[in-house]
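What follows is one structure encoded as structure tokens, with my remarks underneath.
Quick note: the coordinates plus some simple rules give every number you see, no bench work behind them. Since this is a predicted model, take the numbers as computed values, not measurements. Glycine gets a Cβ as well: all are built from the backbone with ideal geometry, and neighbour counts include every protein chain shown.
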Amino acid sequence: MQPIKLALAVTTALLIAAPAMAQKSKDTLRIAINDPFSTLSNYCVPVDEAGNFYRRVYGTLVQIAEHEKKIIPGLAKSWTRVSPTVLEFDLRDDVTFHNGNKFDADDVVSTIEYAIDPAVKIEFKSRYTWVKSIEKLGPYKVRLEAHTANATDLGLLGYRTYIQDKESFDPLENKCDYGRLTPYGTGPFKVVSIDKNAGMVVERFDGVKGDPKYVRAPIKRLHAIPIPDKQTQIANLMRGNVDMLRNVQPDNAADLAKESNLTISTLPTASFVYIVLDAAGRSGVKALADNRVRKAMWMALNRDATIKGLVPGGAQGVAEKMNMICFESTIACGRTVDYPPYDPTAAKKLLVEAGYPDGFSLTYSCFIPIKHICEAISNDLLKIGVKAQVEPVTITLFRKKQADGELNMTSIFYPSAGHPDAGNILDVFFVGPRDYARDTDMAKLIDEGLLEFDEKKRTAIYTKAMDLNNTKNYVMAFSSLPTLYVHSKDIEIKPNLLSAGDNYIDDYFWK
């Protein structure tokens with residue numbers, strides 16, 4: 001095992017000072033990222049920006065072709081549902097990892113046993129602990145058994161369970177070092193270097209196996225450069241030191257598009273901005289335990305104005321005003337109850353009725369890239385007397401505060417394309433340390449849905465869960481969040497071959 005070389009000692013300061021260099025001729029696309037990550041791992045750093053890369057570096061047993069609404073082979077060439085709790089997979093025998101090691105059943109067993117090990121503490125643990133056991137039946141055959149029937153099992157394997165090289169993984173004392181020292185996958189891109197300060201470089205992997213209908217790597221090399229400050233990102237883009245920015249604010253994008261060498265691409269996604277209120281009282285704000293207060297807060301929000309003015313694509317009608325924490329296209333998703341309408345006068349009356357005629361104060365923890373949206377929400381709340389002090393947070397700080405029960409009110413955006421199933425989305429908001437509702441009826445509906453394989457019946461169950469959320473005003477999907485790119489005019493972004501709701505590094509092309 002040879003640890004991957006750490007190179008590219010580039011810092012933000014050096015980027016600003018460096019002269020612009022043409023990168024198309026070098027077949028290298030430089031992308032600014034908000035949050036530096038020193039390991040590329042869906043198990044250890046399951047965040048949106050890292051996912052843009054790791055979903056095309058590592059491989060999964062199955063894949064989901066969303067445009068065709070079907071499950072297709074990945075590292076497994078076929079599978080059989082032996083019973084509601086047992087799946088058997090026949091694996092490909094012609095796949096190698098990026099380091100040349102041959103893929104086989106041992107890699108699948110090693111990866112899944114790691115993810116389900118009770119001693120392993122990772123975010124979103126429930127994405128894996130539904131598995132009771134994984135057994136090797138032969139060099140290229142495995143049997144997976146679940147604790148109970150789980151209707152989302154193939155989705156969890158296709159969207160969440162990325163297979164690692166056992167030979168490189170097992171010797172590591174700190175298993176999260178896999179994505180830093182030995183980030184070997186089987187996907188169309190391989191990691192060349194990774195460093196928290198210098199960023200990460202991935203390159204096309206010519207040895208990738210898979211159906212060319214779904215597998216591509218149009219640009220040879222991509223460099224993810226950590227630049228947490230948006231204004232610094234913009235300065236680097238204008239100087240030609242980076243080629244692409246993601247999730248740019250509309251007003252900044254409009255100004256940048258005036259540059260002769262830059263353009264805007266606004267693409268709809270399955271991501272959405274959400275607001276969670278601490279209805280369970282975990283963080284100590286008593287007022288939020290009253291559903292009248294939560295309803296009043298939703299009624300204070302002028303979503304139409306904020307979406308049109310501040311959400312990327314809002315003015316063009318690309319951003320969607322949502323009425324549930326999933327999309328109409330999400331598997332097994334439905335509702336019969338909408339969020340309460342915008343009515344600040346009625347909202348004030350509800351606060352008086354709840355015993356808060358003068359309002360109250362709370363801390364509003366907001367993910368830095370959507371701070372401008374949070375500030376508009378805070379201003380709307382202030383008009384009914386709710387003083388929500390916006391606290392900008394990084395994804396790392398957000399996760400810590402979330403797990404510790406310290407969030408009064410929070411907003412971040414959720415990339416539901418990572419597993420577009422209503423059961424998965426409900427798990428994100430109402431299971432484990434992420435649950436700020438602690439509603440036993442919600443927990444029962446989530447459990448019931450997992451046991452139902454008939455999609456119509458499962459949709460009916462999850463519709464009750466979505467209606468419960470909307471009635472109790474626990475979580476609001478404020479709006480969809482299209483990705484607004486500002487990039488060099490040499491770049492074109494095409495629809496993803498698999499995902500109907502998001503774009504990844506295999507969608508970036510040179511013109």
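What to note about this one:
- Footprinting exposure proxy for Glu68, Glu452, Glu49, Glu135 (fewest neighbouring C-beta atoms within 10 Å first): Glu68, Glu135, Glu452, Glu49
- Of the GluC sites (Glu not before Pro) in region 153-221, those whose Cβ has at most 12 other Cβ within 10 Å and which sit in DSSP loop: Glu173
- Net charge of neighbours whose Cβ lies under 13 Å from the Cβ of Thr269, counting Lys and Arg as +1 and Asp and Glu as -1: -4
- Mean separation of Cα contacts under 8 Å (6+ apart) over length of region 197-251, as relative contact order %: 33
- Each stretch of four or more DSSP H residues adds -39500 (n - 2.57); spread over every residue of the chain, this sum gives -8000 deg cm²/dmol at 222 nm.
- Cα-based shape type of region 158-243, given that a ≥ b ≥ c are square roots of the gyration tensor eigenvalues and the cut on a/c is 1.5: oblate
- As a rough footprinting exposure proxy, the listed residues Ile122, Ile325 were ranked by other beta carbons within 10 Å of their own, and the order from fewest upward is Ile122, Ile325.
- When DSSP beta bridges are restricted to pairs lying wholly in the chain, around 75% turn out antiparallel.
- Placed amide H near Tyr184: partners under 5 Å, 5+ positions off or other chain: Asp165
- Fewest-first ranking of Leu245, Leu267, using other Cβ atoms within 10 Å as the exposure measure: Leu267, Leu245
- Packing rank of 298-304, 400-406, 482-488, 278-284, where each peptide gets the mean count of other beta carbons within 10 Å, highest leading: 482-488, 298-304, 278-284, 400-406
- Classified by the C-alpha gyration tensor, the chain has an oblate form. Its axis ratio a/c, with a ≥ b ≥ c, is 1.5 or above, and a/b does not exceed b/c.
- Taking the centroid of alpha carbons for each part, region 145-185 and region 330-385 are 39 Å apart.
- With contacts taken as Cα pairs under 8 Å and at least 6 residues apart, region 271-481 reaches a relative contact order of 38 percent.
- Relative contact order %, the chain, counting alpha carbon pairs below 8 Å whose residues are six or more apart: 21
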